[in-house]
Amino acid sequence: MVSQVPPKAADAAFEKLSHIALARANVFGLLARAFFDPTGDLVQKLQSGAFVSELYVYFRDLLTQQVHRGEVTELLYPLEPLHAVQSDLATVDPDTLLKALKVEYARLFIGPGSPEIPPYETFYNPNKSRPLLMISAEAVAVEKAYHKAGVAITAGLNEPPDHFATEAEFLYFLCGQESDCWSAGDNSGARRWRRLELDFLEKHLGRWGGDFCQRVETESTHPFYQSTAHFAGAFIKMESTHSIEE
């Protein structure tokens, strides 16, 4: 005989899972913001302390739920250098900081000439094939994954679909959808979104994001990108090791 879960217990479990998914969504959202072209809003978040404090809030939520507690606790250590960097940047003139971030972003990810560290999945193909006008099998597969989830690239966006920040933003969307389904008590819907997340990590960001972050951490001369890449690599590694049943 199969016993039924009491409605209140089920509601509590779904709410817990919703909080977890929302916390993960928000981390991916912050990582997307960090690896898009720097803006005044990013500078404001850094200098006000909001950038790192938000990350701490999201991980506190994960710790409170006691999901993968050991792994999440370990991830708090990579946040410490980022916290120190944020403190150092708090007194820098905002325009000076924005200019420095833009210069380093351009040097690393744009050029002139070839970027120091291409921020596109295409360039992390083990076959080392050179794409034609940024049209590659990887970029096409990523865009198909977006379409499967009902997401379209913003019209006029002058970036290939397999940019690191765009892939992180897509996971922000997927985790947010999962969270909404748990809140609505939609078990099957939440698990569908979770499967899309894990599939995308397995086939895309989880396969190359770690290598990208390691290169940024090693080759960047700016402490913001060094420390953010260090944390991002650890978080992506953690996310890539979980299953739909966890």
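Derivation of every value follows stated rules applied to the coordinates shown; laboratory data play no part. Note that the structure is a prediction, hence the values are computed from the model and not measured. Cβ: placed from backbone, ideal geometry, glycine included. Neighbour counts: every protein chain shown.
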Original post:
With Cβ to Cβ distances under 14 Å as the rule, what net charge do the other residues near I153 carry (K, R +1; D, E -1)?
Top reply: -3
Subject >> Over 22 Å between alpha carbons, listed pairs K45/K99; K144/K203; K45/K102; K16/K203 >> reply: K16/K203
**OP:** Positive end of the charge dipole of the range 185-237 (Lys, Arg +1 and Asp, Glu -1 on Cβ, about the Cα centre): tell me which of Q214, G189, F224 has its Cα farthest that way.
**Re:** G189
Original post:
So what are the ³J(HN,Hα) numbers for the range 52-57, from phi and the Karplus equation (6.51, -1.76, 1.60; θ = phi - 60°), rounded to whole Hz, Gly and Pro as x?
Top reply: 6, 4, 5, 4, 4, 4
Subject >> Extension reserve of the R60-V103 stretch, reckoned as 0.36 nm per residue once the Cα distance is removed >> reply: 12.1 nm
Subject >> Two-site label geometry, R195 and E219: point separation in nm, points 7 Å out along Cα→Cβ >> reply: 3.8 nm
